[in-house]
Amino acid sequence: MHGESKLKSPGEKLISIKLTYWDRIDDIQILGDFFIHPEESLALLENSIKGMSAGASEAEFAETIRLTADRNSISMIGISPESVAKAIRMAMS
Amino acid sequence: MTLWRIMQLEEHNAYANMAIDEAILESVRDARSNPTIRFYRWNPCAVSIGRFQSMNDEVNVSRCTSEGVTCVRRITGGGAVYHDYDGELTYSIIGKEVLFPKSIWESYRVICGRIIKGLGKIGINAEFSPINDITVNGRKISGNAQTRREGVLLQHGTILYRTDVARMFSLLNVSKEKISDKMIKSAEDRVTSVYSLSKVSFQELYEAIMAAMTEYREFEMGELSPIEASRASELVRTYSSNSWNFSR
């Protein structure tokens with residue numbers, strides 16, 4: 001299945017999620033006008049979500065993103081693990 | 001005191017403008033060039049999108065194509081921008097990270113502070129609107145985007161001079177979510193421009209921003225080095241490729 005969502009949380013930038021999933025998330029794109037340093041590390045965040053259960057909670061997605069960002073010294077500006085997680089759940093609702 | 005290179009106002013197409021910024025970044029990284037501030041315009045008019053945006057989602061590509069407007073993806077994040085030849089001034093500032101605050105937020109504030117000071121010189125009372133905008137009475141007059149790589153900071157930004165707002169929004173696709181928390185009726189209400197606030201010429205705007213960016217800095221006027229020019233020519237191939245511009 002294909003899912004899309006857009007989320008603009010107060011004080012943050014626009015996040016757009018495009019994903020394909022069945023019981024697990026097969027593919028995901030995190031799009032938007034946010035900033036991530038280094039820029040190449042967005043792929044690490046996307047890859048960390050791939051393979052997760054489509055039934056994972058918002059908190060579980062947020063924790064995965066937070067851990068990936070911490071382990072790889074990724075700076076997220078105008079975007080947060082919580083808002084990405086929320087947008088991911090919205091894309092599958 | 002750090003010696004800066006100032007590159008006077010030039011005009012290039014979108015691919016060359018982005019390629020030159022990146023070539024300078026590499027040259028500064030390799031200590032072959034001094035930290036640099038450059039000013040430029042876009043000829044032909046262009047749309048640039050942020051590193052993480054989708055070209056087809058953000059831009060009316062068919063309309064751009066039919067009107068001869070070039071579309072390019074930046075290496076920096078941020079949003080889609082319409083670069084009108086007559087309607088805006090673009091700058092870039094490129095230097096080792098140690099020349100700027102370590103905090104990304106603070107470095108935006110400091111660099112944008114120079115733009116705000118420049119606007120003040122022509123009678124416009126602007127303010128920094130985190131994360132990366134400059135506004136006048138809540139309406140955007142300047143957008144800015146920064147990257148840091150291998151110890152070098154690059155920030156480029158635009159100052160809206162005389163914006164054809166209708167054309168801007170005919171070329172950009174602005175989602176309702178984007179303006180949902182701005183307390184405004186439409187995307188058009190988000191922006192303002194120098195000329196609508198202060199009837200100065202483009203040259204006067206340029207000189208005011210130039211003065212603010214160079215204040216208290218030791219600098220010399222300079223041009224692209226042969227190595228930078230050669231590298232920029234290579235990078236133009238990337239910036240003009242569909243594999244880059246439509247990668248997302």
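The values are calculated or read from the model by the stated rules, or taken from the named source; none is laboratory data. Since the model is a prediction, treat every value here as computed from it, not as a measurement. Because the Cβ atoms are built from the backbone with ideal geometry, glycine has one as well, and the counts that use them run over all protein chains shown.
Beta carbons closer than 8 Å, at least 6 apart along the sequence or on distinct chains, pair a first residue in segment A:82-93 that is modelled with pLDDT of 95 or more with a second that is of a type in the set (Phe, Trp, Tyr) for A:84/A:61; A:85/A:61; A:88/A:61; A:89/A:61; A:92/A:21.
Counting just the residues of segment B:151-176 that are in a helix (DSSP H, G or I) and more than 17 Å from the chain's Cα centre (by Cα), which one comes out nearest to residue B:117 (Cα to Cα)?
From segment B:151-176, those in a helix (DSSP H, G or I) are B:165-171; that's our starting set.
Adding the requirement that they be more than 17 Å from the chain's Cα centre (by Cα) leaves B:165-167, B:169-171.
Details: B:165: 25, B:166: 28, B:167: 29, B:169: 28, B:170: 32, B:171: 31 Å.
Ranking the candidates gives B:165 first.
When you scan segment A:63-93, how many residues do you find that are closer than 29 Å to residue B:147 by Cα, out of contact with any Ser or Thr (no Cβ under 6 Å at 6 or more places or on another chain) and either surrounded by fewer than 18 Cβ atoms within 10 Å (Cβ to Cβ) or among the charged types (D, E, K, R) (or both)? The number of residues fulfilling the criteria is 9. Does residue B:152 count as within 13 Å of another protein chain (Cβ to nearest Cβ) and touching an Asp or Glu at 6+ places or on another chain (Cβ under 7 Å)? Spelling it out, residue B:152 is indeed within 13 Å of another protein chain (Cβ to nearest Cβ) and touching an Asp or Glu at 6+ places or on another chain (Cβ under 7 Å).
When residues of segment B:135-150 are filtered for being of a type in the set (A, V, I, L, M, F, W, C) and not in a strand (DSSP E or B), how many remain? Walk me through how you get there before you give the answer.
First, pick out the residues of segment B:135-150 that are of a type in the set (A, V, I, L, M, F, W, C): B:136, B:141, B:145.
Imposing the further condition that a residue be not in a strand (DSSP E or B) reduces the set to none.
Number satisfying all stated conditions: 0.
The conditions of being farther than 24 Å from residue B:58 by Cα and either within 14 Å of chain B (Cβ to nearest Cβ) or out of contact with any helix residue (DSSP H, G or I) (no Cβ under 8 Å at 6 or more places or on another chain) (or both) are not met by residue A:11.
Taking every residue in segment B:48-59 that is facing chain A (nearest Cβ under 7 Å) and pairing it with any residue that is of a type outside the set (A, V, I, L, M) and not in a loop (DSSP other than H, G, I, E, B), at least 6 positions away or on another chain, the pairs with Cβ-Cβ distances below 6 Å are B:51/A:39; B:52/A:32. Apart from one condition, residue B:107 fits all of (1) out of contact with any Leu (no Cβ under 9 Å at 6 or more places or on another chain); (2) within 14 Å of chain A (Cβ to nearest Cβ); (3) part of a helix (DSSP H, G or I); the exception is (1).
For segment B:15-61, give me each residue that is of a type in the set (Gly, Ala, Ser), more than 27 Å from residue B:96 (Cβ to Cβ) and buried (at least 23 other Cβ atoms within 10 Å of the Cβ).
Step one: list which residues in segment B:15-61 are of a type in the set (Gly, Ala, Ser), which gives B:16, B:19, B:23, B:27, B:31, B:33, B:46, B:48, B:50, B:54.
Restricting the remaining residues to those that are more than 27 Å from residue B:96 (Cβ to Cβ) gives B:46, B:54.
Residue satisfying the conditions is B:46 alone.
Cβ-Cβ contacts under 7 Å between residues 6 or more apart (or on different chains), taken from a first residue in segment B:230-246 that is within 13 Å of residue B:14 (Cα to Cα) to a second residue that is assigned to a helix (DSSP H, G or I) and among the aromatic types (Phe, Trp, Tyr), are listed as B:236/B:15; B:238/B:244; B:239/B:15; B:240/B:15.
Answer with yes or no whether residue B:72 is within 14 Å of chain A (Cβ to nearest Cβ), modelled with pLDDT of 95 or more and part of a strand (DSSP E or B). Before the answer, list the steps.
On the way: within 14 Å of chain A (Cβ to nearest Cβ): no; modelled with pLDDT of 95 or more: yes; part of a strand (DSSP E or B): yes.
No: the conditions fail for residue B:72.
In segment A:22-62, of all residues being buried (at least 21 other Cβ atoms within 10 Å of the Cβ) and away from every other protein chain (no Cβ under 14 Å), the one that is farthest from the chain's Cα centre (by Cα) corresponds to A:25. Scanning segment A:64-78 for residues that are over 21 Å from residue A:27 (Cβ atoms) and away from chain B (no Cβ under 14 Å) yields A:66, A:70, A:71.
Does residue B:206 fit the bill of being assigned to a helix (DSSP H, G or I), touching a strand residue (DSSP E or B) at 6+ places or on another chain (Cβ under 7 Å) and either of a type in the set (Val, Ile, Thr) or closer than 27 Å to residue B:164 by Cβ (or both)? I'd like the intermediate steps shown before the answer.
Details: assigned to a helix (DSSP H, G or I): yes; touching a strand residue (DSSP E or B) at 6+ places or on another chain (Cβ under 7 Å): yes; either of a type in the set (Val, Ile, Thr) or closer than 27 Å to residue B:164 by Cβ (or both): yes.
Here the answer is yes, as residue B:206 does meet what is asked.
Taking segment B:135-149 as the range and being within 11 Å of another protein chain (Cβ to nearest Cβ) and in contact with a Cys (Cβ under 9 Å, 6 or more places away or on another chain) as the test, only B:144 passes. Among the residues of segment B:170-204, the ones that are modelled with pLDDT of 75 or more, surrounded by fewer than 18 Cβ atoms within 10 Å (Cβ to Cβ) and away from every other protein chain (no Cβ under 12 Å) come to 10 in all.
Considering only residues that are free of Cβ contacts under 8 Å to residues at least 40 places away in the same chain and in a strand (DSSP E or B), look in segment A:26-50 and name the one that is farthest from residue B:154 (Cα to Cα).
Pass one, segment A:26-50, residues free of Cβ contacts under 8 Å to residues at least 40 places away in the same chain: A:26-27, A:29, A:31, A:38-50.
With in a strand (DSSP E or B) added as a condition, the list becomes A:26-27, A:29, A:31.
Working: A:26: 35, A:27: 31, A:29: 25, A:31: 22 Å.
Here the answer is A:26.
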